[in-house]
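Q: This is the structure I want to talk about, given as structure tokens.
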Amino acid sequence: MILLSWNQARFCADGVAAIAAQRFRDFEVVAIDNGSVDGSAELIAASAARLGLPVRQVVNAENLGICAALNQGLAMVSDSDYVVPFAVDDVMLPSRLGLQVDFLDSISPDAAAVTGDALLIDEAGVPMRDGSGNELIYRAKFSDDSAQQRLDLINGLHPVAPAVMIRRDALIAIGGYDESAPFEDVDCWLRLVFLQGMHLRRQPGVVVHYRRHESNASSPRNAALLHRGIIHALTTIKSQAHLSGSEREAIERRLGTAGAALDRIALADGLRSGGVARSVAAKVARNSEQPTLARLKACAAIPSPALYRRAQRRVRVVRSVTSGASRSVEE
């Protein structure tokens, strides 16, 4: 297991305790702290010692990025058959490692990895719920059919990152994690499947509690990073993999969607700061694939971003009905 930490001191005790409680015992933990300044590394070491959990630890002087840290860990687990990349802020259930080891042991080695499901929890560890009161479960939804799985991965149906166990040999075959990628998971899945001809498998059932908070890579504040990661991964596959016509078309559509999302984020950031670039606003306004409201904001921003910001304070929302559907229009 490669246990990552970066300024997550408040979650370290719970994360380490859950690892120590695993019923399957034949595993090792390599903890990589990526330049924390809040005492995360010390808390992980103290928690592990208290629980009798052997941990080999690397403490980086600065944040090297997720992929570089994972590669540090990967180099230290040379005797392992399987690798679990895991963040200390998440919590694995006691049966997790045993279930996934048994699953991978029982299937073809062409399956590079297995993913389980994750229960979403908040910062306090309380299960998150939808509007009907149901617990929010993050499930992998890609197909087991190889051809369909390739399209599913292009279209964003990925494994559940904190609930994945990967064959170490498969990771080595793709050269480990790509340290030029903004984050690790999407790039890894696509290279395993498209460049190595392997496939991924699902094992239904919750095996981890996935904590959502502002420091998550997947939090809204990191949306631009996520979209850049998707673009990086798809561009790699587009240039290196043998693709069918439908796969190339799907990649182009996804690249367009991710690029449009980055444009909207740049526009929103510019409107908040008053420094929106007219070229960005014009790009959003001209793109027919952008949501109507985003295009209206872009059109308003082009003549004078400063005037538009003042006008926002006097927004009047008009409810209109078109073809039986209610929509909001900002004036």
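Q: Have a look at GLN196, GLN203 and point out the one that is within 23 Å of MET92 (Cβ to Cβ), touching a helix residue (DSSP H, G or I) at 6+ places or on another chain (Cβ under 6 Å) and modelled with pLDDT of 90 or more. Working first, answer last.
A: Details: GLN196 fails: within 23 Å of MET92 (Cβ to Cβ).
Answer to the selection: GLN203.
Q: Ok, one more. Could you give me the residue pairs with C-beta distances under 8 Å whose first residue belongs to the range 13-35 and is without any contact (Cβ under 8 Å) to a residue 60 or more places away in the chain, whose second residue is among the hydroxyl-bearing types (Ser, Thr, Tyr) wherever it lies, and which are 6+ apart or on separate chains?
A: Pairs that qualify, where the first residue is without any contact (Cβ under 8 Å) to a residue 60 or more places away in the chain and the partner is among the hydroxyl-bearing types (Ser, Thr, Tyr), are ALA13/SER47; ALA17/SER47; GLU28/SER80; ALA31/SER5; ILE32/SER5; ASP33/SER5; ASP33/SER40; ASN34/SER5.
Q: Residue under question is GLY229, and the condition is that it be surrounded by 19 or more Cβ atoms within 10 Å (Cβ to Cβ) and either at pLDDT below 90 or not assigned by TED's automatic domain parsing to the domain that holds ILE154 (or both); does it hold?
A: Answer is yes for this residue.
Q: Filter the range 1-56 down to the residues that are among the aliphatic types (A, V, I, L, M) and part of a loop (DSSP other than H, G, I, E, B), then identify the one that is nearest to GLU123 (Cα to Cα). Walk me through how you get there before you give the answer.
A: Keep residues of the range 1-56 that are among the aliphatic types (A, V, I, L, M), which gives 1-4, 9, 13, 16-21, 29-32, 37, 41, 43-46, 48-49, 51, 53, 55.
The next check asks that each one be part of a loop (DSSP other than H, G, I, E, B); those that pass are 1, 21, 37, 53.
On the way: MET1: 23, ALA21: 21, VAL37: 19, LEU53: 25 Å.
In this case the residue turns out to be VAL37.
Q: Which residues, counting only those in the range 99-143, are assigned to a loop (DSSP other than H, G, I, E, B) and under 27 Å from ARG23 (Cβ atoms)?
A: The first filter runs over the range 99-143 and keeps only residues assigned to a loop (DSSP other than H, G, I, E, B), leaving 107-110, 122-126, 128, 130-134, 136, 139-143.
Those that are assigned to a loop (DSSP other than H, G, I, E, B) and under 27 Å from ARG23 (Cβ atoms): ILE107, SER108, PRO109, ASP122, ALA124, GLY125, VAL126, MET128, LEU136, ARG139, ALA140.
Q: Scan the range 155-188 for residues that are within 14 Å of ILE231 (Cα to Cα) and outside any loop (DSSP other than H, G, I, E, B) and jot them down. Give the steps one after another, and end with the answer.
A: Step one: list which residues in the range 155-188 are within 14 Å of ILE231 (Cα to Cα), which gives 155-156, 178, 180-188.
Scanning the range 155-188 gives ASP185, VAL186, ASP187, CYS188.
Q: If TYR308 satisfies all but one of (1) within 18 Å of ALA224 (Cα to Cα); (2) outside any loop (DSSP other than H, G, I, E, B); (3) modelled with pLDDT under 75, what's the number of the condition it fails?
A: All conditions are met except number (1).
The values are calculated or read from the model by the stated rules, or taken from the named source; none is laboratory data. A quick note: this is a predicted structure, and the numbers were derived from the prediction, not measured. Every residue, glycine among them, receives a Cβ derived from its backbone with ideal geometry; neighbour counts consider all protein chains shown.
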